[in-house]
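This report refers to the structure that appears directly beneath it.
The values are calculated or read from the model by the stated rules, or taken from the named source; none is laboratory data. Every value quoted in this text rests on a predicted model; they were computed, and no experiment measured them. Don't worry about glycine lacking a Cβ; one is built from the backbone with ideal geometry, like all the others, and counts go over all protein chains shown. Side chains included, ligands, DNA and RNA excluded: accessible areas come from the protein's heavy atoms. Shrake-Rupley method; radii C 1.70, N 1.55, O 1.52, S 1.80 Å.
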Amino acid sequence: MMKSSRKSESASGLLAVLFFMVLTCLTVAMIFSVTSSHVTTSKRTIDRSIALSYADGVLESLFDQWRTQMTGVTTATDRTYGMSTAALIAALSPPNSTTLPPPVNVTLNSWSITALTPLLVNTTDPAGRPTLENGTNSRLRVRIYYRASVTVNYRSSTGSKTATVQRLFCRAGRNIFDNFFFGTQSNVEFHPGPDMYVTGTVYIGGDLYTAHNSLHLMQDVTYTGTQYLNFRPQDSRYGTEAPNITTGGLSDNWSLSSPPHVGAQQKLLDAPMSSLDPNFLDDPIANDSDSDGNPNNNGYHEIIEEVTDPTKPDPLQLDAADSERLAKNADYRIYVNSSNTLTVYAGQSTTALAATSAEYLAISGALTLNTALTDAREGDNVRTVTMDVSKINTAATAGTLKDTVGSSDGFLLYVTDTSVGTSVNTKIVNSATGTSTNVTSSKARAVKLVKGATLPSAGLTVVSPNPVYIQGDYNTGSTTLAQPASNTAIAYTPPTDTPSPVVGSYNRAPAAVVGDAVNILSNAWNDANSSSGVSSRIATSTTVNTAIVAGNVPTTSSSYSGGIENFTRFHEDWGAAYFTIYGALALLYDSEQATHPWSNASYSPPSRRWYYDTNLQNSNPPGFSVAHVYERGDRVQY
């Protein structure tokens, strides 16, 4: 019995050992099988990832080519509606093996690009062009879409496979009035005295200097360079006056959670920046001289100039029909010479309007020639072409003046006194009494806008290569009996307080005022007081609802530029009066006519309340096209 029991126990132990060995072998086999499966799967995943990466590289090459083709179109049809599918397939090609070597066991199978509708399905346009996206009134601001597709072959452990990657290509319109402030100068300064509130996004194409605690930037601020909580080194205050803005900004200077920050460069024109003379794109005004023998490409000031030399290339002429010169987009071009002879052209006609025509009579009846005001900063009696905007509005409303250029985008008037730089006899008129005083204007010329409270409902842009003065409320609906609440408020502080900038139910029209420099004269202004001391020039609260495009005189060791707080130039003692803007500001160039330094100015600053007019997002001021931007859209793979 003892021996039998021991034999049974030995047999049981042997069986247990054998079972354990079998189980171990099975486990090892399973682990090996699973590991091998994972290795195979990982290998397939790596092979596919490599193939997809190559497909993405081909897509990126196609995107670059597509952008080049779209920016280089030479017909108005292609510029407006986009290139057709067939034209792009003929123009584009995948990168060769030298440009983009394919990985081992990966080859290009096929590629395509297809014009789409806004619903992102293939276009049904007979010409094969994209369907324009609806939903905006802004000139050429619509989006168009294409889909690019790349399929590649690759070998994996389980055989030959294919992978496809698709990406949307989008052309969109962007304009300078997408921001409240758009600045292209390499150095931009904000150093206000009285509190200044800016309600709208700010873009600085360079360095930003903010030294004063009175600055309040209420929305997103981006710059492409560096922000300094200080004055510019060229500013005489640098190192002698301590900045009073705290490091990082106070909570009421800007949002602590989203302070000014580096952002992407924003586009201004479709004309490439590289086509413009770099001497006119940098900061110092001292070197603003032609460096390449082409007088037609002298920086962004060209948008308010006409072609100087027709034998030289014009980079702003995008194709036979489209130009980024505002004079080329004008419904009427108005010229005054040294003898006060008035000549008017409709559109791009080379034949002047007859002096007996209804259009000529309407324009001439709205103009007062050969009067002047004294500008202390410029040290001269500035002869002005004074435009009564109320008469322009009456003629536009009656249909006497016609919106003939652009797609019913409103009225653009291009006005210039061509006698700038010469000495002429003129007079300063007292607007209260009608009496006048004879004076000499040594060289300065300008356009002055008066009675501009009501604009044509379709919109009005006034452009001049001369400086422009805006006198009184503009685009507000004001009357002799009623002013906007923004003028009558005793005190108000954005963003809590937002008194209306218009009277009653008046609808702000799309508007822009564009000049070599833009000056603000209050509702109380009288030319007769312009030559007297600032105590004789007492301002009252004034509201201007328009986009403003102008230049300035950059900071030097002898004078501050005036900063963006003085981007619009002032000439009165504003005391406690408010200057309210609903619109947008664009600082694009150095002034070429109004070149005397800010330190010469004679005024006391207003309390500035500046708001972005969101209407500009979908209603460009007349004559302004947009810069096209090219973007990569959604990506899918399968």
Collect the residues in the stretch 312-365 that are open to solvent by less than 50 Å² (accessible area, probe 1.4 Å) and of a type in the set (Val, Ile, Thr), keeping them in residue-number order. ILE334, VAL336, THR343, VAL344, ILE363
For the stretch 528-551, indicate whether the set of residues that are open to solvent by 10 Å² or more (accessible area, probe 1.4 Å), at pLDDT 95 or above, over 30 Å from ASN618 (Cα atoms) and among the basic types (Lys, Arg) is non-empty. yes
Boolean, ASP314 is on the phi < 0 side of the Ramachandran plot and at pLDDT below 95: no
Only one of (1) without any contact (Cβ under 8 Å) to a residue 12 or more places away in the chain; (2) in a helix (DSSP H, G or I); (3) polar (S, T, N, Q) does not apply to THR496, and that is (2)
Scan of the stretch 589-607 for residues that are buried (at least 23 other Cβ atoms within 10 Å of the Cβ) and either of a type in the set (D, E, K, R) or in contact with a Ser or Thr (Cβ under 6 Å, 6 or more places away or on another chain) (or both), ordered by number: ASP590
Every residue from the stretch 552-567 that is open to solvent by 50 Å² or more (accessible area, probe 1.4 Å) and of a type in the set (Val, Ile, Thr): THR556
Of the residues SER289, SER274, only one is of a type in the set (Ser, Thr, Tyr) and assigned to a helix (DSSP H, G or I); which? SER274
For SER339, are the conditions met, namely being part of a loop (DSSP other than H, G, I, E, B) and closer than 28 Å to ASN438 by Cα? yes
Somewhere in the stretch 390-410, is a residue assigned to a loop (DSSP other than H, G, I, E, B), in contact with a Lys or Arg (Cβ under 7 Å, 6 or more places away or on another chain) and polar (S, T, N, Q)? yes
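Residue by residue through the stretch 526-549, note down the ones that are touching a Gly at 6+ places or on another chain (Cβ under 9 Å) and either without any contact (Cβ under 8 Å) to a residue 60 or more places away in the chain or of a type in the set (Val, Ile, Thr) (or both).
Once the filter is applied, which keeps residues that are touching a Gly at 6+ places or on another chain (Cβ under 9 Å) and either without any contact (Cβ under 8 Å) to a residue 60 or more places away in the chain or of a type in the set (Val, Ile, Thr) (or both), the stretch 526-549 yields ILE538, THR542, VAL544, THR546, ILE548, VAL549.
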Suppose we filter the stretch 92-131 for residues that are buried (at least 18 other Cβ atoms within 10 Å of the Cβ), more than 15 Å from VAL165 (Cβ to Cβ), touching a helix residue (DSSP H, G or I) at 6+ places or on another chain (Cβ under 8 Å) and without any contact (Cβ under 8 Å) to a residue 40 or more places away in the chain; how many remain? 3
For strands (runs of 3 or more DSSP E) lying entirely in the stretch 539-638, having 3 or more residues that are among the hydrophobic types (A, V, I, L, M, F, W, C) picks out 547-552, 578-590, 627-637
